[in-house]
Structures are given as structure tokens and as C-alpha cells.
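Heads up, the thing below is written out as C-alpha cells.
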Amino acid sequence: MKKLFLIALTLVINNIVFSQENIAIIPKPVSVVMHNGNFVIDAKTTVLFDVYNKELANAIQFFSSSIKEISGIELRKNLHQEKSISFQIKQIPNIGNEGYQLKITSTNITITANSKAGIIYAIQSILQLLPGVRTNAILKLPCVVIEDYPRFEWRGMHLDVSRHFFSPEIIKEYINLMARYKMNIFHWHLVDDQGWRIEIKKYPKLTSVGAWRVDYTNIVWGNRPQAKPNDDATYGGYYTQEQIKEIVAYAAQRNITIVPEIEMPGHVASAIAAYPELSCSQKFQLPLTGGNYTNISSNYCAGNDSVFVFLQNVLTEVMQLFPSKYIHVGGDEVDKTPWKNCIKCQNRIKKEGLKNEEELQSYFMKRIEKFIISKNRKMIGWDEILEGGLAPEATVMSWRGETGGIEAAKQKHNVVMTPGAPCYFDHYQTGPEGEPLAIGGMNTLKNVYDYEPIPKELNNENQKYVLGAQANLWTEFITTAEHVEYMVLPRMLALSEVLWSKKDAKDWIDFNKRLQPSFKYFDQKGFHYNKGNYNVTIKPVSKNNQLVVTLSSEIPGATIVYTTNGTDPNIGSNIYTNPITISTSLTLKAAVVVNNKVMNIKPAEQKFVIHKAVGKNVTYQYPISKYYTADGNNSLTDGITGTFAVNKYWHGINGNDLIATIDLTEIKSITNISINCLQKYADWIFLPRSVLFEVSENGVNYTTVGKDVNNISSSIKEPTIKTFSATFHQENVRYIRVSAYNIKECPKGHPGEGKPAWLFADEIMVN
Ligand code: ACM
Ligand code: ZN
């Protein structure tokens, strides 16, 4: 009671409150100071601005039409009267090119910025404080002073329109959503194997042939049959140059730069379907229907000069349409086999003194970069463009984790971070039960919110090469606007805050509060979005001779219920409060309860098998990879056995043996030791050659109790889990040493032939 009175008093006395309670802007502004009172936009409100400033006039037009859309009010222009919203571009220190100052009093709004970009972002902040759709509500804005500017200059969203074609209207909706949350780069993936989507006047077959395929949308991507010569190619579409110009202008009005991606030298089966002479084999092929690449050429021939003439002509038309400084040229996932078998490509390698096909790709990219630079633009490509040597001024988009980005920044090249985790928005965001089928993975809203684009590996000097980050939306499994919305909402909002707001202002709970008005906006607009990730994370910690399990959820303040008897938890089940100690084999199930309702379609579930080493410390002779730490140091003694999901449970080691020693902390009598290992050919993971089992009483002198030799070939492609074990007469021991011997190098015929092989192991069971 007393406290409330005091706050009220403060309000009266100072007429100022330092609080962001009523300001639910995403991304969170740098500085917000609220005052008492409101400004009401009505039919008498006038906008004041310099009509001779075309950029400013363009921004005001956006503002006026937005206000009209939500209220019907036609704002007056440049009538000097009491109630005004004035816009001014002038020199303001410390807020950069995209920053703005917004001051709302009960009689005036003043918006100032160094450029139109800042004016647009002030407008977006205002629009977030108003209703999202046409209502009869009064347009009331709180009195506030905001100063705001972004942390990163590249705040990107990508959309793959090759795997599925999305109409210009959908593209505009995507751009509009990006703009509302102050994202500023739209990476438009216009070219890929399954469709060429941009009209090129000089090469009409790129779209008349390359943009159309046989419609197998009803069959899952990977299972689609290839087209047959007389099938009707009815599925697809492309953007005319006129449509592109309109979309570029639409984006520019909202301060969004469109970076077009014209893939090369791989992922171009669509171009080859149109012009077979562009490939090494020069064979006719039909446009791909999905993921069946049997006998399909998807690379340009790198030894054929006319390919470069073609690409320069294409890029010339592209650069006429897109004013973007950056032109994306792909460069990812080039299968070099056709180049190995092509006389022209091999001649190029000889003539240019190149070492191998990696250097041939590097030659390709460098030649294209030279052309792009000659047109005063910059080349950007996926991180594979590092292989064989980076082109002199190239910018790298790091997608296979952050490694490529770190390497490029160390080489003093600009970098955009877009690692699969958490930036691939085609991955699941919750579930997967109840979710639309996705390509795989799991990038939750909180994973995105917690992302830090500057890797720890970069020193102060090299950090400045990280331009920002981007989310990618590949569309093999996404065919509708509703599904596009669902995959980006609300994850894009989390990314926007990562990229715009101050690093130390991050606050997950506060972000969730500020999400609520956006959810209301999505509801009003009829947008599809994910309402929350209700999954429960079950995390075992094996230490101090105990197995202890913690349960957590991303939902702020959620109640977690659990069972240990195999039944599904309900609202009457045990409520989780403290870590749970597990001392017998059991299955733990857990779920989130909100408003007396279990929110999960399927509870989280984990089986624990208790054996004599559970909770015991494990030490390694060679360190395990930082990428495969599972649940931490003692993951091999946590009572959980690994499954085929490689990023969970397993400890991975690259090119080395896994030599693990367990201290049982007291003498125990045992008769069996086993260890599970994984083979996953596609992920370069192979079973060990053999596993040696040793025991010791004192940790110094070891006795061999068994050796299990692998009998499964390293060429088996089916994922396989093998248990290696030793059974022996009873031994009384304290120490156990398990040595799994890595095959060291990926075998002959494997894509990674000769490169270090991964060894994956989980649970060492002792009984
Ligand atoms: C990519 O995801 N292949 C860039
Ligand atoms: Zn070739």
C-alpha cells in the first residue's frame, strides 16, 4: 500500500517515470524515458516535413498510408498548427545512419534522424504502439522520449523461392513483416536446382523452361519421382523484371535492401534444364521435381568460357534491377565429381596451375568477383567459397556453423553469421509432435534469442568484420504463405532483438512480455505464428556418485509436472521444484502446465538405466570435441544411451581414439563392461576398429578383461549403433579403462576420404 502511494507521488511531483512498462517495442530500443500524458492522432493532426526532400517525402507517404489503413484518418500536410508530427533529417551524433530520436509530448511529436532509414524506424516504433488493423479505437500514443539505433548493420532474412515459388504479394507481406521489426536485408534466393525465378531477357528459357516443373507437391520432397518427358510441367512461376522493380522499390521505402542470390557454380540444375550446354556433360535434362538427383547435372562447367559469358550477361541484368551493394553468388555444396570427369574442367586446372577441384571453384568465384567488382558491387557467398582460397574482397555467409565466419573474419573479410543452429528457420521451433513437417533440427525461440553473433574466438580487432546475422528459410517443406509466417513468427522477432538491441539489455522474461502485443497484432492480421515452445528439457548431471536430473522449460513462470512410473503426467502429477535424484532404473516423463492445462501433445520422456558406474567421473586421454559434449563431462555415465540423433547424448572425438577412465570411487565386484558406438556414414561418423576393456584396483596397474573387434564394415551407410562389450569372471576393481580405437581416416570412396573420422560413443555400462 505504502509503496504504491509513493510511486503515485513520484508521478505527480516529477511528472516523469523511468520505466518501459507501457512500451512494448520489439526490438527493444536503446533508451526509453516515459512521461505522463498522451498524444492523440486525429483528423486535425498534421505532418510537417521538407517536401523537397524526396527521401523524406517517401517515408511520410509510408507513414500517412499506414495511419490511413488503421484509422481512415488522412493526415494533413504542412499546415502549421498546434498538433503536429514533425519529421526532420539533420546531423545527430552517436546514433549512426539508421538511428532516430522520437519525442512524443501531448501536443507534438518530433522525429529526427540522420537519414531516411532512421525516420522509417521511428515510424515503425510509433506503429507498434498503435492498433495493427483498422479499428475505431482512438490513436493514442504515450508521451515518451526514445533514442534508438541498431547494434549490427546486417539484419537479414532469407527466403528460398526456388523450392517453392511465392507470389509477389507474399514477398511484399514478408518484407512488411521484416520492416515492422527493423530487419533491413532481404536475401532473395532466386536460383536453385528446382526452379529459376528471375526473368532474364537475354536467356528466356531460364524461366520458360527452368521455372516450371511437374507438380508433385503432394509427395514429400525426398520421395518425389523425377519428371518424364511428356509430363506437364505446371508447378512454378517467376518474377518479371517489372515485378522485381516494384518489389525493390517497396522494400526500399521500408529501408530494406534486397540482396539477390544468383547461385553458382552448383545448385543450378534449373539453368541446365534450360541450357544444357552450360554443364560439363551438356546432356538434356528435365527440371527437378524435388530431391531426386539421379543422373542430374547441377553444376556449371568451370572449364567452358561461354559459361562465364552467360553468367556475366545474367549478372548484368541482375545488377540493373537490384541496387544492392552486395550480390550473392551462392557457392555452397558443389559436388566436384562432374568436374573431375570433364576434359574442359581438367584442362582449366592444368592451364591455370590449380591443385585440385577446390581450387577450380576458387578460380570460378574469383573470376566472377572480378566482374562484380568491375561494376562497383561486392560479392557475397556461402562459406564454401573459403575452400581453395577466398576471392580477394569476398564477404562470407557462415552457415555450416560459425567456423567459416571465424576463419573469414581472421582473414579480414566481412562476415554474415547464419549458422544452422539457431539461424535456420526451416528447422522445428518446438514439438516436433503437432508441428508441420520440417526438414529436421530444433531451433527454439529461446535458442534464437540467446544467440550472440560475435563468436568468442574473435579478438576485438577481428570482431568488426562481423556485419551481423541472418535467418534462412529454405522451402523444401514449405508451400504456403501461412507456413512461411508460422516458421518466422515469432523467431524473427527474437533475431531482430539480437541484432538491433544492446547486448546487455537482453532479458528473456521482458521479451516475452513485449511479445504479447505482437501476438495480438498477428491475431488481428490473421498471421500464423507459434505461440510458445512448451517442450521440457530433461538434463541429467552425473557427478559426486549421483545422477541428478533438472527439468526446465522456455515458458517464463511455467509449472512443470512429472512422473517416474511410466504414465503421462497430468495436472495432478508431482510439481517439479528441485533437481530429482535418480537411483533406480526408470522412465521420467515431464510436461508444462499453464492455466490448469497440460500444454504438450506428447510429454518429454527419458529412460534412465542405473548401473554401477552411474554418477561416476570419467576422464579422457584425448579431449572430446567441444561440438559434441552431450550433457557434459560425465555423459558416458549418466544412465542415458545415445540414439540416432547425433547432436544429443553422444560424446564425439575427431581423428583420435576415445580412451576413457572411470573411477568407481570404491572397490566393486563386476562381471561386464560395455560401450555403445555409432556409425553414421553421411555424418563422417564410424565405428571404432576395436574396443579394449581394462580394469584396475589402484589406477596404475591395469588387467585386460576383454577386447571386442568391430565386424561391421565402415562402408555401411545405414545408421548403426553397436554395443561393444566384455563379460568376464568376477573382478573386484575400482578403475575401468575403455579404449575405443578410431579408424582415424574416412574410408576410401567416402566424400571425406583421407580426412579425420569421427568416433561417437555413449554410455559405458558397468554391471
Ligand atoms: C545452404 O544451406 N546450403 C547454404
Ligand atoms: Zn566441365
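Testing residue 730 on (1) assigned to a strand (DSSP E or B); (2) within 27 Å of residue 649 (Cα to Cα), one condition comes back false. Which one is that?
Residue 730 satisfies every listed condition except (2).
Any residue that is part of a loop (DSSP other than H, G, I, E, B), buried (at least 18 other Cβ atoms within 10 Å of the Cβ), among the hydrophobic types (A, V, I, L, M, F, W, C) and at pLDDT 95 or above - is there at least one of those in the range 454-462?
Within the range 454-462, one or more residues are part of a loop (DSSP other than H, G, I, E, B), buried (at least 18 other Cβ atoms within 10 Å of the Cβ), among the hydrophobic types (A, V, I, L, M, F, W, C) and at pLDDT 95 or above.
Condition test on residue 273, is it within 16 Å of ligand 2 (Cβ to nearest atom) and not acidic (Asp, Glu)?
Criteria not met by residue 273.
Condition check: surrounded by fewer than 20 Cβ atoms within 10 Å (Cβ to Cβ) and farther than 18 Å from residue 255 by Cα. Does residue 176 satisfy that?
no
Any idea which residue in the range 393-404 is surrounded by the fewest Cβ atoms within 10 Å (Cβ to Cβ), counting only those that are without any contact (Cβ under 8 Å) to a residue 40 or more places away in the chain and touching a His at 6+ places or on another chain (Cβ under 9 Å)?
393
Quick one: count up the residues across the range 559-599 that are under 26 Å from residue 615 (Cα atoms) and not in a loop (DSSP other than H, G, I, E, B).
16
Only residues in the range 291-302 that are on the phi > 0 side of the Ramachandran plot count as the first member; pair them with residues that are away from ligand 1 (no atom under 16 Å from the Cβ), Cβ under 9 angstrom, at least 6 apart or cross-chain, and list the lot.
Note: pairs meeting the criteria are 295/226; 295/283; 295/285.
Being closer than 24 Å to residue 132 by Cα, basic (Lys, Arg) and surrounded by 15 or more Cβ atoms within 10 Å (Cβ to Cβ) is the filter here; which residues of the range 499-521 pass it?
514 - this is the single residue of the range 499-521 that is closer than 24 Å to residue 132 by Cα, basic (Lys, Arg) and surrounded by 15 or more Cβ atoms within 10 Å (Cβ to Cβ).
Yes or no, residue by residue, for (1) modelled with pLDDT of 95 or more; (2) within 15 Å of the chain's Cα centre (by Cα); (3) in a loop (DSSP other than H, G, I, E, B):
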residue	(1), (2), (3)
381	yes, no, no
388	no, no, yes
397	yes, yes, no
422	yes, yes, no
431	no, no, yes
451	yes, yes, yes
471	yes, yes, no
479	yes, no, yes
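When the residues of the range 405-432 are filtered to those that are over 21 Å from residue 444 (Cβ atoms) and crowded, with 24+ Cβ neighbours inside 10 Å, which remaining residue is nearest to ligand 2 (Cβ to nearest atom)?
Result: 408.
For the range 367-382, name all the residues that are free of Cβ contacts under 8 Å to residues at least 60 places away in the same chain and under 15 Å from residue 300 (Cα atoms).
The answer is 367, and nothing else.
Please state which one of 296, 368 is within 23 Å of residue 415 (Cβ to Cβ) and more than 14 Å from ligand 2 (Cβ to nearest atom).
368
Look at residue 654 and say whether it is surrounded by 13 or more Cβ atoms within 10 Å (Cβ to Cβ), polar (S, T, N, Q) and under 24 Å from residue 767 (Cα atoms).
Values: surrounded by 13 or more Cβ atoms within 10 Å (Cβ to Cβ): yes; polar (S, T, N, Q): yes; under 24 Å from residue 767 (Cα atoms): no.
When the stated conditions are applied, residue 654 does not pass them.
Quick check on my filter: what residues within the range 303-324 are hydrophobic (A, V, I, L, M, F, W, C) and either without any contact (Cβ under 8 Å) to a residue 12 or more places away in the chain or within 16 Å of ligand 1 (Cβ to nearest atom) (or both)?
309 - this is the single residue of the range 303-324 that is hydrophobic (A, V, I, L, M, F, W, C) and either without any contact (Cβ under 8 Å) to a residue 12 or more places away in the chain or within 16 Å of ligand 1 (Cβ to nearest atom) (or both).
Let me confirm something: among 661, 671, 665, 703, which residue is part of a strand (DSSP E or B), among the hydroxyl-bearing types (Ser, Thr, Tyr) and crowded, with 17+ Cβ neighbours inside 10 Å?
Exactly one residue qualifies, and that residue is 661.
Can you tell me how many residues within the range 306-324 are in a helix (DSSP H, G or I), over 15 Å from residue 243 (Cα atoms) and polar (S, T, N, Q)?
Of the residues in the range 306-324, 4 are in a helix (DSSP H, G or I), over 15 Å from residue 243 (Cα atoms) and polar (S, T, N, Q).
Inside the range 131-188, can you point out the residues that are under 20 Å from the mean Cα position of the chain (by Cα) and among the aliphatic types (A, V, I, L, M)?
Across the range 131-188, the qualifying residues are 157, 159, 161, 171, 175, 177, 178, 179, 183, 185.
Can you find even one residue in the range 400-411 that is within 20 Å of residue 189 (Cβ to Cβ), among the basic types (Lys, Arg), in a loop (DSSP other than H, G, I, E, B) and within 14 Å of the chain's Cα centre (by Cα)?
yes
Would a scan of the range 333-345 turn up a residue that is more than 16 Å from ligand 2 (Cβ to nearest atom), aliphatic (A, V, I, L, M) and within 22 Å of the chain's Cα centre (by Cα)?
No, because not a single residue in the range 333-345 is more than 16 Å from ligand 2 (Cβ to nearest atom), aliphatic (A, V, I, L, M) and within 22 Å of the chain's Cα centre (by Cα).
Has the range 277-290 got at least one residue that is in a helix (DSSP H, G or I), at pLDDT 95 or above and of a type outside the set (Asp, Glu)?
Checking the range 277-290: at least one residue is in a helix (DSSP H, G or I), at pLDDT 95 or above and of a type outside the set (Asp, Glu).
From the list 626, 607, 602, exactly one residue is among the basic types (Lys, Arg), part of a strand (DSSP E or B) and surrounded by fewer than 21 Cβ atoms within 10 Å (Cβ to Cβ). Which is it? Walk me through how you get there before you give the answer.
On the way: 626 fails: part of a strand (DSSP E or B); 602 fails: part of a strand (DSSP E or B).
None of the other options fit; the residue is 607.
Among (1) within 11 Å of ligand 2 (Cβ to nearest atom); (2) among the basic types (Lys, Arg); (3) over 18 Å from residue 387 (Cβ atoms), which single condition is residue 351 missing?
(1)
Looking for something under 28 Å from residue 495 (Cβ atoms), of a type in the set (Lys, Arg) and not in a strand (DSSP E or B) - is there at least one such residue anywhere in the range 217-232?
No, that holds for no residue.
Identify all residues within the range 325-349 that are part of a helix (DSSP H, G or I) and either within 16 Å of ligand 1 (Cβ to nearest atom) or of a type outside the set (Ser, Thr, Tyr) (or both); write none if there are none. I'd like the intermediate steps shown before the answer.
The initial filter retains those residues of the range 325-349 that are part of a helix (DSSP H, G or I), namely 337-340, 343-349.
Answer for the range 325-349, where residues must be part of a helix (DSSP H, G or I) and either within 16 Å of ligand 1 (Cβ to nearest atom) or of a type outside the set (Ser, Thr, Tyr) (or both): 338, 339, 340, 343, 344, 345, 346, 347, 348, 349.
Of all residues in the range 706-745, which are basic (Lys, Arg) and surrounded by 12 or more Cβ atoms within 10 Å (Cβ to Cβ)?
Once the filter is applied, which keeps residues that are basic (Lys, Arg) and surrounded by 12 or more Cβ atoms within 10 Å (Cβ to Cβ), the range 706-745 yields 707, 722, 734, 737, 744.
Here are some conditions: (1) within 16 Å of ligand 1 (Cβ to nearest atom); (2) free of Cβ contacts under 8 Å to residues at least 40 places away in the same chain; (3) not hydrophobic (A, V, I, L, M, F, W, C). Residue 352 meets all but one. Which one does it not meet?
(1)
Restricted to the range 519-558, and to residues that are of a type in the set (Gly, Ala, Ser) and outside any loop (DSSP other than H, G, I, E, B), which residue is modelled with the lowest pLDDT?
542
Among the residues of the range 198-211, what is the count of those that are crowded, with 22+ Cβ neighbours inside 10 Å and not in a helix (DSSP H, G or I)?
Total satisfying the criteria: 4.
Inside the range 574-585, can you point out the residues that are surrounded by 18 or more Cβ atoms within 10 Å (Cβ to Cβ) and out of contact with any Phe, Trp or Tyr (no Cβ under 6 Å at 6 or more places or on another chain)? If you could, list the steps in order and put the result at the bottom.
Restricting attention to the range 574-585, the residues satisfying the condition of being surrounded by 18 or more Cβ atoms within 10 Å (Cβ to Cβ) are 576, 580, 582.
Result: 580, single match.
Could you tell me which residue of the range 276-293 is nearest to residue 229 (Cα to Cα), considering only residues that are within 16 Å of ligand 2 (Cβ to nearest atom) and not charged (D, E, K, R)? Full working, then the answer.
First, the residues of the range 276-293 that are within 16 Å of ligand 2 (Cβ to nearest atom): 276-283, 285.
Next, only the ones that are not charged (D, E, K, R) stay: 276, 278-282, 285.
On the way: 276: 15, 278: 20, 279: 20, 280: 22, 281: 19, 282: 17, 285: 9 Å.
For the range 276-293, the residue satisfying everything is 285.
The values are calculated or read from the model by the stated rules, or taken from the named source; none is laboratory data. In this text the structure is predicted, and so the values were computed from the model without any measurement. Every residue, glycine as well, gets a Cβ built from its backbone with ideal geometry; the counts of neighbours run over all protein chains shown.
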